[in-house]
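Okay, structure first, notes after.
Since every read-out is calculated from the coordinates, none of them should be taken as a lab result. Not measured: the values here are computed from a predicted model. A quick note on method: Cβ atoms are made from the backbone with ideal geometry, for glycine too, and the neighbour counts reach across all protein chains shown.
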Amino acid sequence: MQFTDASVVAGTRRREDGALLADVRIARTGIQLYRGSDVGRPDLDIVRVYRPGAEVFSQDTLKSAAHRPVTNDHPPVMVDADNWKQYAVGNTADEVSGEGIYLRVPLMVSDGAAIAAIEDGKRELSAGYTCTLDWQDGKTPAGEAYDAIQRNIRLNHVAIVDAGRAGPEVRIGDGAATWGVSPFHVADRKEPDMPDNLRTVVVDGLSVSTTDQGAQAIEKLTRERDEARTATKDAETAHQTALAAKDADLAKKDAEIDTLKQAQLSDADLDKKVMARAQLVADAKAISPDTKTEGLADAAIRKAVVVAKLGEAAVADKSDAYVDARFDILAEDAKRADPLRPSGGNPPPANPQQHQTRDAAHAAMVAGMTGAWTGQDAKERT
């Protein structure tokens, strides 16, 4: 089915060769009114036709608006290669774009007579296009009812026309060629069944003119959308916070496990630690037998022994390394002073039934040395 829409030529300029250039709106989204008899439904007085943005701004529709002929009034037939020279006075460019609810396209008028007509006041444009009418009842996202949807919109030409009876939104004047079907303004009807007063609401930065009911529906939907966005954002923030806290807990537990693993001693390490402790206690007892070692850390044992042997002044304001060195010196001195101390550094066994005490061994050694010149050992002399 063939349709036409009206718009206004504005913002024109002349090129150096005299051609007229303009950037114009040629179509829009939303609901437009058609007489039922004009669209094949004589049973209906008025048909509310909805043109969704998805159709107006589809890639196929945008491509169809590029490089189309501009005509002076609507031709009686579709413009094609066979009649282009007869009807075309210019053409559209290929920089087709969307501007809010409008389809915008630059165009050039090259014909002198057509340019003169525009400059004399013939200032409206009417897009001629074909489309498919999908007859189905429904409501737009703004809550406005419709009877059919325009689909598969394809531009054929853009016509320069005289002003309609009620401005750029009305049906093309009766004097224009009857190419296609034009929408009409509600003011054309003797008994309008729709309000003429429209409200302008802003949706995501775009100004939309609609009825009071439509404005209320838009505001309600916009508010509900914003509330849903806020709730979603808050839920996402709470979720991320919970995940971060859980990750921190897991990282802390992993660190504790690693610390425990590092602190855990193998059997060999434990044996070494026990032997080293036993050696330290033995050295401490050899240096200062009366010093208590039970319940003291290794460093505390060394410091207690040094204090017992040398006094508090020996360790005052001294580092642990200094105290350790003094302890080692005392331990070496104790070993040199005790010739009966086993070479391994371990204390001699304390079982009196199997070994001599240190004093008895020392007495035997002295007796042996005293009678060594007689050639008799201590056993024979006894």
**Prompt:** If the convex hull of the alpha-carbon atoms of region 274-313 is projected onto planes in all directions, what is the mean projected area in square nanometres?
**Reply:** 2.6
**Message:** How far apart, in nanometres, would the label points at residue 63 and residue 81 be if each is projected 7 angstrom from Cα along the Cα-to-Cβ direction?
**Reply:** 1.8
**Message:** For region 1-136, what does the relative contact order come out to in percent, with C-alpha contacts under 8 Å and a separation of six or more?
**Reply:** 34
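Ranked highest first by average number of other Cβ atoms within 10 Å, how do 54-66, 117-129, 220-232, 78-90 line up? Please report the intermediate quantities before stating the final value.
Values: 54-66: 16.2, 117-129: 19.5, 220-232: 11.0, 78-90: 14.6.
Going from most to least packed, we get 117-129, 54-66, 78-90, 220-232.
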